[in-house]
Amino acid sequence: MTKIIRDESTTSAYWGAVNTFGAMPDVHIIADAPIGCYNLVGVAVIDYTDAIPYLRNFTPTDLTEQAISTSGTANITKQTIEKLLDTGKTLIVLSTAESEMIGADHSQMLAALYPDIKFFPSNSLSEDEWQGRDRALAWCFDNYDDRKPAQIERGSVSIIGPTYGCFNSPSDLHEIKRLIRGAGGMVKRVFPIESKLADVSDLKHSDVVVVMYEEFGKTLAEKLGRPCLYAPFGLEATERFVVELGKLLGKEAQAKAFLAEEKRSTLKLIWDLWRGPQSEWFPTVNFAVCASQTYARGLKTLLQDELGMNCLFAENSATANNDEIRKRLQSNPPQIMFGRIVDKIYLSEVGAKTYFVQSGYPGPFVRRALGTPYMGFSGAVYLVQEIVNILYDTLFQFLPAHKLCAERVDSEKTFVWTAEAKAALQEKTKRAPFISQISFSRELKRKAELYAQQKGLDIITPDVLEKVG
């Protein structure tokens, strides 16, 4: 029986590999694929996510129906290679779903004719994008490390992870670099987004390695054999990160001084908000998350465990059942949804008044500015600031306002509300954000009576409430 899956949450390992290899300027990818794979991966998707017009280092072999059905893909791959031999870049031939379906493997052909060109089987049909990124990073080290013994550069830190198509990576990478320097470290390499493939050997010379994401990068980090930390999310984890990094680098005093200054400066906004009237709202906020594991776990930790807000659910988008996510969002919409475009669609289907905050892909959505971090201390400040602004906007939406030419309920008119209608009004009001429930109830009551006035009704029933909200 065919199983229908609603809204795939992640792309395939092929896309993950393209986003990994394509980030390095000394690499040129040859995808054993139809021309459409260039239109999708090389142009459209990466433009919508990272605002990059097209990948200059990506060429499909332009598979034809004949190549797939009878002649095979070897000859057309050789023709593509010949056109790119003079680019001066490292060529990597990459399998795709189409080539994998006919069992195309160019390893032997490349070893015989082009020994400097490697074949990467993307496992597009069996692995997701995070597995593809993780394997691609480790494969780079296995195939292109110079095999020389490591010579550790004291105080140096390399970061593994940021590739094309990673949500919010410019801002979060900027914050992790700031924390590393604050703890006394020197950023040596950011692989692959700010590196060349030839730089992969430098990673083993690092004093410490930081892996940006839980989803991928760990395999490469383990191969390097260096002390490894994960990029932090939330207040407590960030403090631990700085302390531990300071110890590993032999810079405990500098790390301690940096933390003290952070609490006086960067984190001041959180303390100020916590002492003000806004703090009374935090326990009333309910939110939900559907994003990659790093962001789902991190948002829940910061907002619920540390700041006391109410998390309805926090799901890893790579493994989430989107049918269940849709049902949960539509039956009990959160006040704030940190999610993907599919979650925004689910909410719009029922006209939910949820504030949507894009926190993962698929998009389309671009996050290239450096001022929107989620990780580290700056991330905590940014997220709390945005939530407080959402709460203020919620209040604004329910302020009484004089609307020109707006029809009004006749002040002389008296309407009878049935007990069922009153109960329905209370139930609907409970779903509204706590800070706006009084205004919400008043506005919904006004809409119901205005509708009844327009229809010539004297009695307000649950049916009338359903018509207006």
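Please treat every number below as a calculation from the coordinates, not as lab data. The shown structure was predicted, so the numbers you read here are calculated from the model rather than taken from an experiment. Please note: Cβ atoms are built from the backbone with ideal geometry, for glycine as well, and neighbour counts cover all protein chains shown.
Size check on region 416-468: the Cα extents along the three principal axes, sorted descending, read 34, 19, 16 Å. Let me make sure I get this right: for region 330-385, a, b and c are the square roots of the gyration tensor eigenvalues over alpha carbons, sorted descending. Under 1.5 in a/c it's rounded, otherwise prolate if a/b > b/c, else oblate. Which is it? Judged from the Cα gyration tensor, region 330-385 comes out oblate (a/c at least 1.5, b/c at or above a/b).
Summing charges over all other residues whose Cβ lies under 15 Å from the Cβ of Thr90, with Lys and Arg as +1 and Asp and Glu as -1, gives -3. For Lys256, the lysines whose Cα comes closer than 28 Å to its Cα, not counting residues fewer than 8 places off in the same chain, are Lys177, Lys188, Lys204, Lys218, Lys247, Lys268, Lys300.
Computed about the Cα centre, the dipole magnitude for the chain is approximately 1220 debye when only Lys and Arg (+1) and Asp and Glu (-1) carry charge, each at its Cβ. Which one of Ser439, Gly234, Met109 has its Cα pushed farthest toward the positive end of the charge dipole of the chain, where Lys and Arg give +1 and Asp and Glu give -1 at the Cβ? Working it through, the farthest residue towards the positive pole turns out to be Ser439. Please find the FRET efficiency linking Ser201 to Lys263, where r is the Cβ-Cβ separation and R0 is fixed at 41 Å, and quote it to the nearest 0.05. According to the calculation, E is roughly 0.60.
The alpha carbons of the chain give a radius of gyration and a Dmax of 27.1, 93 Å, in that order. Summing +1 for each Lys or Arg and -1 for each Asp or Glu among the other residues whose beta-carbon sits under 12 angstrom from that of Thr80 gives -1.
In terms of Cα to Cα distance under 19 Å, which aspartates and glutamates are near enough to Lys413, apart from those fewer than 8 places away along the same chain? Output for Lys413: Glu443, Glu449, Asp458. Backbone amide hydrogens, once placed in the peptide plane, bring Phe356 within less than 5 Å of Met337, excluding anything fewer than 5 places away on its chain. All C-alpha pair distances within region 161-237, sorted into 10 Å bins from zero, spread as 17, 56, 26, 1 percent across the bins.
For the chain, what is the mean residue ellipticity at 222 nm derived from helices alone (per DSSP H run of n ≥ 4: -39500 (n - 2.57); sum divided by total residues; nearest 500 deg cm²/dmol)? My calculation for the chain gives -13000 deg cm²/dmol from helical runs alone. So, counting K/R as plus one and D/E as minus one, what does the shell of residues with Cβ under 15 Å around Met24 add up to? So the environment of Met24 carries a net charge of 0. Stretched out straight at 0.36 nm per residue, the stretch from Ser348 to Arg368 would grow longer than its current Cα-Cα span by 4.6 nm.
Taking one quarter of the surface of the convex hull spanned by the alpha-carbon atoms of region 13-127 gives a direction-averaged projected area of 6.7 nm². Cβ-Cβ distance of Glu239 and Leu40, R₀ of 56 Å, FRET efficiency by 1/(1 + (r/R0)^6): the value works out to about 0.85.
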